[in-house]
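The values are calculated or read from the model by the stated rules, or taken from the named source; none is laboratory data. Note that the coordinates shown come from a computational prediction; the quantities given were computed from them, not determined experimentally. Note that each Cβ is placed from the backbone with ideal geometry, even for glycine, and that neighbours are counted across all protein chains shown.
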Amino acid sequence: MELSPEKRPTKEMEAAEVLAIVGLLEGNGVQVWLDGGWGVDALLGEQTRMHGDLDIAARHADVPKLRALLEARGYRDVPRDGTTGWNFVLGNEEGAEIDVHSFAFDSEGKHIYGTEYPADALTGTGSVGGVGVACISAEHMVRFHAGYELREIDIHDVQALHRRFGIPLLNEHEAWLKRHGRTLPPS
């Protein structure tokens, strides 16, 4: 079942809901890694900006269970261009939104389906509201903020990771900063 267009999520994804979702999934055997803006803030150990959604990575084999658990919590498919079996958005009536990225590796750790996370991308740890969570690693988070039309919040995120962890910005990030009359942040 999908949410109708007038019920599409528009609410900020708050830390309490992030923790409730992670707790629900992991408490039922579905391992998830925070990605996107909440993944960045978890790596930083503090919320640095508002978030319109929660991006999570999960094993594709866990998608049916993940969907069932989130549907029981009131989350439904939100129609989007580009929706696939491995990348889809779920939203609830209150306006919260979860962007799910699933993946599969073969027995040797080689990517075979879904979002192309390298195995070493799934090694980050961070915290939301003082609670430990698994995340996409900081190095990969910077790399994943590329290859599309960058927004102000994307630059905010990579600059924060650069400042905290000394991860070099990509040429694409530096070009964005120059185009917008900004200087490179110190390491």
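So which residues in region 95-109 are surrounded by fewer than 19 Cβ atoms within 10 Å (Cβ to Cβ) and of a type outside the set (S, T, N, Q)?
Listed by number, the residues that qualify are G95, A104, F105, D106, E108, G109.
Take E172 and decide whether it is more than 16 Å from V40 (Cβ to Cβ) and in a helix (DSSP H, G or I).
yes
Do we have T125 as in the same structural domain as A61 (by TED's automatic domain parsing), of a type in the set (S, T, Y) and in contact with a Gly (Cβ under 9 Å, 6 or more places away or on another chain) here? Explain how you work it out, then say what you get.
Values: in the same structural domain as A61 (by TED's automatic domain parsing): yes; of a type in the set (S, T, Y): yes; in contact with a Gly (Cβ under 9 Å, 6 or more places away or on another chain): yes.
Answer is yes for this residue.
Does I112 qualify as being surrounded by fewer than 19 Cβ atoms within 10 Å (Cβ to Cβ) and either farther than 26 Å from P64 by Cβ or in contact with a Cys (Cβ under 9 Å, 6 or more places away or on another chain) (or both)? Can you show your working first?
Values: surrounded by fewer than 19 Cβ atoms within 10 Å (Cβ to Cβ): yes; either farther than 26 Å from P64 by Cβ or in contact with a Cys (Cβ under 9 Å, 6 or more places away or on another chain) (or both): no.
Against the criterion (surrounded by fewer than 19 Cβ atoms within 10 Å (Cβ to Cβ) and either farther than 26 Å from P64 by Cβ or in contact with a Cys (Cβ under 9 Å, 6 or more places away or on another chain) (or both)), I112 does not qualify.
Select from region 156-187 the residues that are surrounded by fewer than 19 Cβ atoms within 10 Å (Cβ to Cβ) and within 23 Å of M13 (Cα to Cα) and write down the one among them that is nearest to the chain's Cα centre (by Cα). Don't jump to the end; show me each part of the working.
Applying the first criterion (surrounded by fewer than 19 Cβ atoms within 10 Å (Cβ to Cβ)) to region 156-187 yields 156, 159, 163-168, 170-172, 174-175, 177-187.
Next cut, within 23 Å of M13 (Cα to Cα) only: 156, 159.
Values: H156: 15, Q159: 17 Å.
The extreme case among them is H156.
Yes/no per residue for (1) at pLDDT below 95; (2) closer than 16 Å to G45 by Cβ; (3) not in a loop (DSSP other than H, G, I, E, B):
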| residue | (1), (2), (3) |
| --- | --- |
| L122 | no, no, yes |
| T125 | no, yes, yes |
| H140 | no, no, yes |
| A146 | yes, no, no |
| E149 | yes, no, no |
| K178 | yes, no, yes |
